[in-house]
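A.B. asks: Just dropping this structure here.
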Amino acid sequence: MRNALAIGGKEVRTYFSSPMAYVVAAIFLAATGFFFVQDLAVLQLARLQGFFGPASFLLLLLCPLLTMRLLAEEQKLGSLELLLTAPVRDEEVVIGKYIGALAMVGSMLALTLYFPLVLFLFGDPDPGPVLTGYLGIFLLGACFAAVGLFASSMTSNQIVAAVIALGFSLLFWLAGTAGSMLQEVPGARDLLQYLTLSTHYGELVRGVVDARALVYLLSFIIAALFLTVRSIETKRWR
Amino acid sequence: MIDVQHVSKRYGGYLAVEDVSFHVPQGQILGFLGPNGAGKTTTMRMITGYMPPSSGTVTIAGYDIFSQSLQARRHIGYLPETVPLYTDMTVRSYLDFQGTIHGLKDPHKRGRVNTVIERMRLDEYADTYIGKLSKGYRQRVGIGQAIIHEPDVLVLDEPTIGIDPIQVVETRQLIKELGQDHTIILSTHILPEVSMVCQRVVIINEGQIVAADTADSLSAKLGGPERVRLLVRGPAREVAGAVRDLPGVQTVEHEATGTEGVDRFLVACRMGRDLRPQLAAVITQHKWDLLELQAIGMSLEDIFLRLTTSEELPANA
Ligand SMILES: Nc1ncnc2c1ncn2[C@@H]1O[C@H](COP(=O)(O)OP(=O)(O)OP(=O)(O)O)[C@@H](O)[C@H]1O
Ligand SMILES: [Mg+2]
């Protein structure tokens, strides 16, 4: 764990000194701020739905840009060789990298906390959906980060890593839409709905906390991290 | 300390390293000599546990690099050929990071970082980003990270490549000093480097060991003036004939110089024979003018040619 934290800490410092992280965070904050204000001004509603909707899609688009570097660059520079010959388990490398990515996504989301602050100062929103919505958006970011890390382990080219991450994220975001076309096969439709990130996220934003949803989101993250470890292991065997 | 037993590595269908075995006892500096593509880097990657061998075993300080990987890796410091450092970190924070993942804890770690910075003479650059350092200084940081946890074994892949001659001399001196507390294996394709730094040499070519010997006896056998270049004013064909008739001369190559009556000859002598006095004598006897006489060391290519095509130097591994 000490090793994972050391690697995670190093990643965080790298993020905070890289222009990419600042540009991505700026775009995210500007865009979500716009939708939040629009919702507030036009609909005159003290709620965060106007933020949570676009924020999820923005995360889907921006997370690959934050994660593409994590392992692809190590492979390109050859520094993965030093990391993998240090007395550190492959799992610790992956978890360390993931901690770094989570910290980045988490701090970006933390910067949006002034939206609910404004709401509570000037209005009287229902605190339940605000809390579960933030849980949802953080878990969603955590899922995208895990997929992005896996994509980054597959190639030494950062652009390719970003595109792969975007592809996987879209797949799991939209699977349910495909499922809704399967009206006549309810089993398949329900399964696809369950495998879809947007289904569970939507529930959390509405204030509904379903244990099955949390289990799915956490399993999704663990599966992606497990695949990343395997992907690194196969690099040794090449 | 380092024990390599019947190690082979296959990349797809290509056999890059074939049945390589050697042993490096504690405190020894072993030179791993071979031309480009010989399999030096591949062998070192198997020794450091980066990739498992296709067959065979590597043991470091008594631990199998595959089945007891973490224990074995704790005893190794590694400098890869390309010196892959994190360019967005300062020298100090990089060494600190490497110290942490090699199990050092403060305050001991802080002390080690300072010691290494001092030892590698990086004081001036301790807070400089590695990306801004010159190749020579990066090399120093690379060696610094390899020794940060005071490992028993140092694996250095071409540690003097791409740095200027003064720093090459310094680096060789440093490696010799490090040899007092570390067991070292270093790869190179520079023959004299081996005799300067190492006690033992393993020569590898096309994935196979072609010779293993002490550095001294190897350079005695190989380092002699076996090729001599002559510049002579005289009748070219007669000069070549006279030189060729000397006992011990193997071949004589003749090159025109462009100047009428002056010719250059490249004389290859039998292994271990210094024929310079005889060559000088035969030319002055015939009253030709000897303008130049120069001994040329054997190139690595010549050595491989000899080792692989002649019986003169048996591989007494
Ligand atoms: N990852 C790889 N996949 C396929 N072939 C490889 C790989 N790495 C090395 N090779 C091949 O294996 C052979 C040995 O390469 P290696 O890098 O070990 O040589 P080397 O002795 O270190 O050479 P150099 O002096 O150029 O560094 C070469 O023919 C090389 O092309
Ligand atoms: Mg090499």
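The values are calculated or read from the model by the stated rules, or taken from the named source; none is laboratory data. Being a predicted model, the structure only gives us computed values, none of them experimental. Here Cβ is always computed from backbone atoms with ideal geometry, including for glycine, and neighbour counts include all displayed protein chains. With ligands, DNA and RNA removed, areas are computed over all heavy atoms of the protein, side chains included. Shrake-Rupley method; radii C 1.70, N 1.55, O 1.52, S 1.80 Å.
A.B. asks: Return the distance in nm (one decimal) between the two label points of a simple spin-label model at B:Asp127 and A:Val208, each offset 7 Å from Cα along Cα→Cβ.
C.D. replies: Going by the 7 Å Cα→Cβ label model, 5.7 nm.
A.B. asks: What figure in square angstrom, to the nearest 10, would you give for the accessible area of A:Ser219 with a 1.4 Å probe?
C.D. replies: 60
A.B. asks: Would you tally the net charge around B:Arg244, using a Cβ to Cβ cut-off of less than 12 Å, leaving B:Arg244 out, and scoring K and R as +1, D and E as -1?
C.D. replies: -2
A.B. asks: Also, quick follow-up: Compare each residue of the stretch A:207-238 in its chain alone against the assembly with all protein chains, and report those whose accessible area goes down by 40 Å² or more; 1.4 Å probe, heavy atoms.
C.D. replies: The answer is A:Arg236, A:Trp237, A:Arg238.
A.B. asks: Oh, and also: Which angle between 0 and 90 degrees, to the nearest 10, do you get for helix A:90-110 versus the longest principal axis of chain A when only C-alpha atoms count?
C.D. replies: Once rounded, the angle reads 30 degrees.
A.B. asks: Identify the residues of the stretch B:164-205 with backbone N under 13 Å of a label point that sits 7 angstrom from the Cα of B:Ser134 along the Cα-to-Cβ direction, or state none.
C.D. replies: Residues passing the 13 Å test: B:164-168.
A.B. asks: Something else: By a straight-distance test (C-alpha under 19 Å), which aspartates and glutamates pair with A:Lys97 as possible cross-link partners, with residues fewer than eight away in the same chain excluded?
C.D. replies: A:Glu11, A:Glu73, A:Glu74, A:Glu81, A:Glu233, B:Asp88, B:Asp96
A.B. asks: Could I ask something else about it? Measuring with a 1.4 Å probe in the full set of protein chains, what accessible area per residue, in whole Å², belongs to the stretch A:2-235?
C.D. replies: Dividing the accessible area of the stretch A:2-235 by its residue count gives 43 Å².
A.B. asks: Hey, another quick one. Per the Kirkwood formula on distinct C-alpha pairs, the Rh of the stretch A:129-181 is how many angstrom?
C.D. replies: 12.2
A.B. asks: Where Lys and Arg each count +1 and Asp and Glu each count -1, what net charge lies around A:Thr132 among other residues with Cβ under 12 Å from its Cβ?
C.D. replies: -2
A.B. asks: Relative to the longest principal axis of the C-alpha atoms of chain B, give the angle of the C-alpha long axis of helix B:135-147, reported between 0 and 90° and rounded to the nearest 10°.
C.D. replies: Orientation of helix B:135-147: about 60 degrees from the principal axis.
A.B. asks: Still on this model: Can you give the average number of partner chain beta-carbon atoms within 10 Å of each beta-carbon in peptide B:88-100, as a whole number?
C.D. replies: 3
A.B. asks: Pop out the carbon and sulfur fraction of the accessible area of chain B as a percent, whole number, probe 1.4 Å.
C.D. replies: Carbon with sulfur: 48 percent of the solvent-accessible area.
A.B. asks: Going by the alpha-carbon gyration tensor, a ≥ b ≥ c the square roots of its eigenvalues, is the stretch A:2-235 rounded (a/c under 1.5) or, if a/c is not under 1.5, prolate (a/b greater than b/c) versus oblate?
C.D. replies: It comes out oblate by the Cα gyration axes.
A.B. asks: Would you mind giving the mean number of other chain beta-carbons within 10 Å of the Cβ of each residue in B:38-49, as a whole number?
C.D. replies: Going residue by residue through B:38-49 and averaging, the value is 1.
A.B. asks: Can I ask one more? As a test of the definition: with a 1.4 Å probe, what buried accessible area, both sides summed, do you compute for B against A, in Å² to the nearest 100?
C.D. replies: 2600
A.B. asks: Further, regarding this structure: Would you mind checking the tilt of helix B:108-119 against the longest principal axis of the Cα atoms of chain B, expressed as 0 to 90 degrees and rounded to 10?
C.D. replies: The helix B:108-119 is inclined about 20 degrees to chain B.
A.B. asks: What net charge do the residues around A:Phe120 carry, taking every other residue with its C-beta under 13 Å from that of A:Phe120, with Lys and Arg at +1 and Asp and Glu at -1?
C.D. replies: My count for the surroundings of A:Phe120 gives -1.
A.B. asks: Could you rank the peptides B:164-177, B:60-73, B:82-95, B:136-149 by their average count of other C-beta atoms within 10 Å per residue, with the highest value first?
C.D. replies: Highest to lowest by the protection proxy: B:136-149, B:82-95, B:60-73, B:164-177.
A.B. asks: Can you give the FRET efficiency for B:Gln250 and B:Thr214, using 1/(1 + (r/R0)^6), R0 = 45 Å, r = Cβ-Cβ distance, to the nearest 0.05?
C.D. replies: The computed FRET efficiency comes out at 0.95.
A.B. asks: Note the full-extension length gain between A:Leu170 and A:Leu131 as 0.36 nm times their separation in residues minus their Cα-Cα distance, in nm to one decimal.
C.D. replies: 11.5 nm
A.B. asks: Turning to a different aspect of this structure: Please compute the per residue accessible area over the stretch B:1-102 with all protein chains in place, 1.4 Å probe, rounded to a whole number of Å².
C.D. replies: Ligands and nucleic acids excluded, the result is 35 Å² per residue.
A.B. asks: Indicate, rounded to the nearest 5 percent, the antiparallel portion of the DSSP beta bridges found entirely in chain B.
C.D. replies: 70
A.B. asks: In addition: Need one value for A:73-85: mean number of C-beta atoms belonging to other chains within 10 Å of its residues' C-beta atoms.
C.D. replies: What the average comes to for A:73-85 is 6.
A.B. asks: Post the alpha-carbon centroid distance, the stretch B:1-71 to the stretch B:106-155, in whole angstrom.
C.D. replies: Going from one Cα centre to the other spans 26 Å.
A.B. asks: OK, next. Kindly provide the helix-only [θ] at 222 nm of the protein assembly as shown, computed as the sum of -39,500 (n - 2.57) over DSSP H runs of four or more divided by all residues, to the nearest 500 deg cm²/dmol?
C.D. replies: -18000 deg cm²/dmol
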